[in-house]
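The values are calculated or read from the model by the stated rules, or taken from the named source; none is laboratory data. Given the structure is predicted, the values throughout are model-derived calculations rather than measurements. Backbone-built Cβ (ideal geometry, glycine too); neighbour counts: all protein chains shown. Surface areas here come from the heavy atoms of the whole protein model, side chains and all, with no ligands, DNA or RNA. Shrake-Rupley method; radii C 1.70, N 1.55, O 1.52, S 1.80 Å.
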Amino acid sequence: MSAAEELTPRQLRRRLLALARPIMAPLGMSILFRTAALSAGIALVALAGWAVLAARADAGAGELAARPVILTLVALALVKGLARYLEQYCGHYVAFRVLARLRLYFYDRLAPQAPAGVEGCDTGDLLARVTKDVDRVEVFFAHTIAPAVTAVIVPLASVGFAAAALGPGPAAPLAVGLALVGLATPALGRRGAALGAAQVRAARGQLAGHVRDSVQGVREVLAFAYQDRRLAELSSPERTLAAGLAATGRANAERRGANAAIIALTAVAELAVGLAAGLSPADLGLALGLAAGAFAPVLGVEDFAAGLQQAYASARRVFAVTDAAPLVQDLVQDRVEDRVQDPAPAAPVPLARPPELRFESVTFAYPGAGRDAPAVVEVSLTAAAGRVTAIVGASGSGKSTLAALATRSWDPDAGAVLLDGRPLADYPLDQLRDEIAVAAQRPHLFNMSIEDNLRLARPGATAGELDRAASAAQLSAVVDEREDGWRAPVGELGELLSGGQRQRLALARALLREPSLLILDEATSQLDAGVEAQVLRGLERAWRGKTVIVIAHRLASVKNADVIYVMDAGRVVQRGGYAELASRPGPFADLLAREDQ
Amino acid sequence: MGTRLAVIGLGWVQGLALAGLYIAVGRAVDAALGRAGAALAPIFALLIVLALVAALAAGLAPYLAARDQAADEARERLRVVAHVFELGAAQRSRARAGAIVSTATDGVERAAAYRGAFLGPMIASMTAPALVLIMMGALVDWPVAGITAIALPVIPLAMGGFQAAFAGVSRRYRENGRVFAAKFLDAIQGLPTLRLMNADRAHGRALAAAAEELRRHVMRLLAGNQLMLFVVDSLFSLAFIAGLAALALWRLGQGAISPGGALALVLCGTLLLDPLDRIGQFFYVGMGGIASAKEIKAFLAEAPAVPDPATTSDGQSSDAARPAPSPGSPPSPAVELAAVDFAYPDAPPVLTGFQLSVQTGEHVAIVGPSGVGKTTIAELIQGNLRPQGGQVRLFGADAARAPLAWQRAQMAVVAQHTYLFTGSLRDNLRVADAGASDERLMEALAQAGLAEFAADLPEGLDSAVGERGLALSGGQVQRLGIARAFLKDAPILLLDEPTAHVDLGAERAILAALERLGRDKTVIAISHRRATIGHADRVVEVGR
């Protein structure tokens, strides 16, 4: 991660431009049309100023001369409107392309890191990078580059035109005014503003954390009559926020005031210089018209600089995620480098069906948890081929970590996980994940229909295959009670289904994959006892000829297991059959004593 | 409000000063061209004064607005968080909690920026052109100003036109964008699942196709509807530059105005263009701010599931609900549920005519399988829910008529999860007792079986816990909850499966600590586990 944090602006620019190559043409068009719109805007005022004083010069012919001028003004107005429209259209085009490209890039780069890289990180932070940081880079491409480029081109053109048409003297005040607004005032109060902005960011972070604590800890707040103190605690970060906002506001006020003064005084200076230089009335009108119209492109230049810095910071955060190496190395290395063209997968390793899965003295600590807080310690256990092996224990005893190690979501720190006697790392990940399926306790459901969620497991499944998996997992009952049946949506994160229904869908998904090794990780924990019994009966038929691992803390779920391992605090503390374990004192009996009576 | 008026006023001052400046420029041109040898010095002095007035007004407005915004933001956030507390601890989904946090942070920020930094300048910008036209009429030419004023409604019309043309499209556009953003987030969150099913690449391709489809669709929408932009932009330039120049030339030809007057009219036209630049901003900042303000308003209007008698009726009657200590009379039960009916909305009843009476000092276990209403009973006793029928009484007082603060003060609760706030260990213990000395905090930790743990911490009570703090085990966190309960020292101890999520070793330590804590208290333990209830005087079975 640290490598990306240290990318220099130059490296960042190169990488961003490489990403943005397909949008260079529309971005160029957007700059072009913006230049046209701004130039037409300036020309309108300048020409109008010239015309009203020129009319007086050839008095009498005024009526006649007016017509072409007015027609030209009308034409300029239409050109300006059209250019504005086209500029916006190109800008939106750029925005969409960039956003889609950044998101897909993020997805493609993150995929090989999952599950470990995704589950391990603070998901809130990851999602912030996906949304806010990606958006900020998009804003930079779509809404910062074109204004920044035209803020240079158009003023240079205005000054060049003034010098050519009126001479260097009358062009000077315009040049000075534009330079001041474009270059000097953006620097005004920059230090104070930067400090203020940092203060604002820090205070907002603190406030967000405090509010999150208040919402999530509301029970504790109320139970301990902590409300008033809690609200009072807000006032200190709010004061910091107010001070920061005041500092940025002051800098902003200074810049606005300075700009207003410069623009007004440029007109005054133009008048003085024009009179002193003895410009013709028409030329004087032109000079004053230019002075009144030329400043639009340079206003707000300070926003571009800030936008650039923010885009760099955001790009660094995005690249920090996308550049991270997968924690679990696949046999096929180049899969990470180039996912656009799928590389030929490494050849599958011949495997007995059903296979045996063995843990040999496995120790594992989650990154960040520290070596002294391992989730599993020296665990040795065997899930025999074609048998049902159960792992039980209180929550937090390390059971689910074994499931994650079995699917190579992580690699153990010490010891080995062997499939048919070979370390898991000897198998291509694709093969491993075709052979092993997990039904999770809290499965992720996608915001699609029940059928689409199920089909993720096997896109080409026939209706008969779907029905079989669904009926084994008792999902059919869920489908039947929906009006839309299979097409019924599950909602965001599956919120339209109950916890138990979500679990049944996950079970059906695992069965549909037809794995040779099936792992149920607390997969029936949210079903009520009756439904669970039905599900278990349905599964017994489905898992014939498979190696099955059932992880549970509800002991009724494992009555029929061939062998039961009992885990506590990360270690295997007992092993045996249900009747045998239940009949003698020990951890299993203790767990049994905790159960519903 | 006062600040907003000041900001609008300053916007007008700026517009009028600049109009005055351009008109004075015209006078100076007339004076110079007339070669009347007119003294230009006073005009230039006036020009400089007007420039400085405009600059001052331009600078002062954002300064005032920023100050107002900060105060507004703090005030609104306080209201939202206070309302979170008023709404109570009723069950809410994680998504809902996330939305509330976002309302209290991003939402409050956007609404304050809208009210503070946006609305005042926006109103000033939309109304200043009328004043500029009046000034043009008064000082240069009424007919030109009058005819141009006919075009003034183009400003609100343009806003309306934009609204009409864009509201539908831009809503669909934003909705499409949101739908895709949500789809993408869903994919990122579901990546582990996709990987384990070897479905990540296919899903990625589907995502790319959906993005492309969305883009084509939206670009087609925009191509048609953004033509409004062309119309409005052209209209402004036609009316306020081309049209104004034509009128000026016409009046000049009639000899009604001087060349300098004509120039002044053209230059003032640039001031009338100002609203054009703001319209886009309106749809960007403005709409977002309005939406956030609505969201805050809707949240503040939510009614608590359990109204607090202390705030809904006058304090006197609720005082009356509190039992007077009467040593002579037979003591009321510490906790009593009398014929309690309860059902969650749109669900079959959980409790019907439920009876429970727990005498002071008694240790009672409530057991039963999941789903029979054990947790509902705990919520009723705590005042997080109210029964639809019957009464919950604490020491004889009807909980529905007693202030919630009093009800909560009667009990300490150790539940399945203990929440740790971001901060030090000391902060987290003082949640229960703000004034507790370090000695007392250490005593509480010792009672909870955490004396050794605390002694081993390099920074002791100053050690950070919570989100960015030490990684504590589930058992340690639960024992901190017990230490808090010890500090609170309430007469009733309510245990709602405090060992549901800890390992066997930790469970023993927790049970030992709970036994110490409950020694001279009324204890109600809710569990489906025998171990928790080993020392109960009485076991109440629910759902049998």
Subject >> Protein heavy-atom accessible area occluded, A/B pair - total, 1.4 Å probe, Å² >> reply: 11500 Å²
Original post:
What whole-number value in Å² describes the accessible area per residue of the stretch B:357-505 for a 1.4 Å probe?
Top reply: 36 Å²
Subject >> Calculated FRET value between residue B:344 and residue A:236, using beta carbons and R₀ = 45 Å, to 0.05 >> reply: 0.70
Original post:
What FRET efficiency do you get for residue B:106 and residue A:303 if R0 is 22 Å and r is their Cβ-Cβ distance, rounded to the nearest 0.05?
Top reply: 0.65
Subject >> Average accessible surface area per residue within the stretch A:357-596, 1.4 Å rolling probe, Å² >> reply: 39 Å²
**OP:** Once you have the Kirkwood Rh of chain A from its Cα pairs, apply Stokes-Einstein at 37 °C and 0.692 mPa s and quote D in µm²/s.
**Re:** 109 µm²/s
**OP:** Run through every distinct alpha carbon pair of the stretch B:2-300 and return the Kirkwood hydrodynamic radius in angstroms, one decimal place.
**Re:** 23.2 Å
Original post:
Quick one: putting +1 on the C-beta of Lys and Arg, -1 on the C-beta of Asp and Glu, what dipole do you get for the stretch A:357-596 around its Cα centre, in Debye to the nearest 20?
Top reply: 420 debye
Original post:
What number comes out for the charge environment of residue B:334, summing +1 per Lys or Arg and -1 per Asp or Glu over other residues with Cβ under 11 Å away?
Top reply: 0
Original post:
Taking a quarter of the surface of the Cα convex hull of the stretch A:357-596, what do you get in nm²?
Top reply: 13.2 nm²
**OP:** Count the DSSP beta bridges whose two residues both fall in the protein assembly as shown, then state the antiparallel fraction as a percent rounded to the nearest 5.
**Re:** 45 percent
Original post:
Quick one: which bits of the stretch A:455-471 get at least 30 Å² less accessible when the partner protein chains are in, versus the chain alone, with a 1.4 Å probe?
Top reply: A:456
Original post:
How long is the gain from residue A:195 to residue A:164 if the chain were fully straight, where each residue apart is worth 0.36 nm and the alpha carbon distance is subtracted?
Top reply: 6.8 nm
Original post:
Taking the simple approach of a point 7 Å from Cα along Cα-to-Cβ for both residue A:360 and residue B:516, what is their distance in nm?
Top reply: 4.6 nm
Original post:
What is the ratio of the Cα radius of gyration of the stretch B:335-541 to 2.2 N^0.38 Å, where N is its residue count, to two decimals?
Top reply: 1.05
Original post:
Can you give the longest stretch of chain A with no exposed loop site, where a site means GluC sites (Glu not before Pro) in a DSSP loop (not H, G, I, E or B) with at most 11 other C-beta atoms within 10 Å?
Top reply: A:7-480
Subject >> Carbon plus sulfur fraction of accessible area for the stretch A:483-597, probe 1.4 Å, in percent >> reply: 46 percent
**OP:** Using only Cα atoms, find the angle between the long axis of helix A:281-293 and the longest principal axis of chain A, and express it within 0 to 90 degrees, rounded to the nearest 10.
**Re:** 20 degrees
**OP:** List the residues whose amide H sits under 5 Å from the amide H of residue A:353, counting only those 5 or more places along or on another chain, with H placed 1.01 Å from N in the peptide plane.
**Re:** none
Original post:
What helices in chain B pass both tests, a Cα length along the helix axis of 24 Å or more and a mean Kyte hydropathy of 1.6 or higher, using whole DSSP H runs?
Top reply: B:119-139
Subject >> Simple spin-label estimate for residue A:452 and residue B:535 in nanometres, 7 Å along Cα-Cβ >> reply: 5.6 nm
Original post:
Does the protein assembly as shown come out rounded, prolate or oblate by the C-alpha gyration tensor, with a ≥ b ≥ c the root eigenvalues, rounded set by a/c under 1.5 and, if not, prolate when a/b is larger than b/c and oblate if not?
Top reply: prolate
**OP:** Within 10 Å of each Cβ in peptide B:49-58, how many partner chain Cβ atoms are there on average? Round it to a whole number, please.
**Re:** 5
Subject >> residue A:183/residue A:105 FRET efficiency (R0 41 Å; Cβ-Cβ; nearest 0.05) >> reply: 0.70
Subject >> Accessible area per residue in Å² at 1.4 Å probe, computed on the stretch B:2-300 >> reply: 40 Å²
Original post:
Across peptide A:579-587, what mean number of C-beta atoms from other chains lies inside 10 Å of a residue's C-beta?
Top reply: 0
**OP:** Kindly identify residues of the stretch B:242-264 having a loss of at least 20 Å² in accessible area between the isolated chain and the assembly of all protein chains, probe radius 1.4 Å.
**Re:** B:242, B:245, B:246, B:249, B:252, B:259, B:263
**OP:** Indicate, rounded to the nearest 5 percent, the antiparallel portion of the DSSP beta bridges found entirely in the stretch B:335-541.
**Re:** 45 percent
Subject >> residue B:439 paired with residue B:459, simple spin-label distance in nm, labels 7 Å along Cα-to-beta-carbon >> reply: 2.6 nm
Original post:
For residue A:328, what is the net charge nearby, where nearby means another residue's Cβ is under 11 Å from its Cβ and Lys, Arg count +1, Asp, Glu -1?
Top reply: 0
**OP:** Return the long-range amide H neighbours of residue A:564 (sequence gap of 5 or more, or a different chain), with a cut-off of under 5 Å between placed amide H atoms.
**Re:** A:390, A:576, A:577
Original post:
How much mean residue ellipticity at 222 nm does chain B get from its helices, if each DSSP H run of length 4 or more adds -39500 (n - 2.57) and you divide by all residues, to the nearest 500 deg cm²/dmol?
Top reply: -19500 deg cm²/dmol
Subject >> Extended-chain gain in nm, criterion 0.36 nm per residue less alpha-carbon gap, residue A:323 and residue A:25 >> reply: 104.5 nm
Subject >> Surface share of carbon and sulfur [accessible, 1.4 angstrom probe, percent] for the stretch B:2-300 >> reply: 65 percent
Subject >> C-alpha long axis of helix A:499-512 to longest principal axis of chain A, angle in ° >> reply: 80 degrees
**OP:** Measure nothing fancy, just the Cα-based angle from helix A:134-143's long axis to the longest principal axis of chain A, in degrees from 0 to 90, nearest 10.
**Re:** 20 degrees
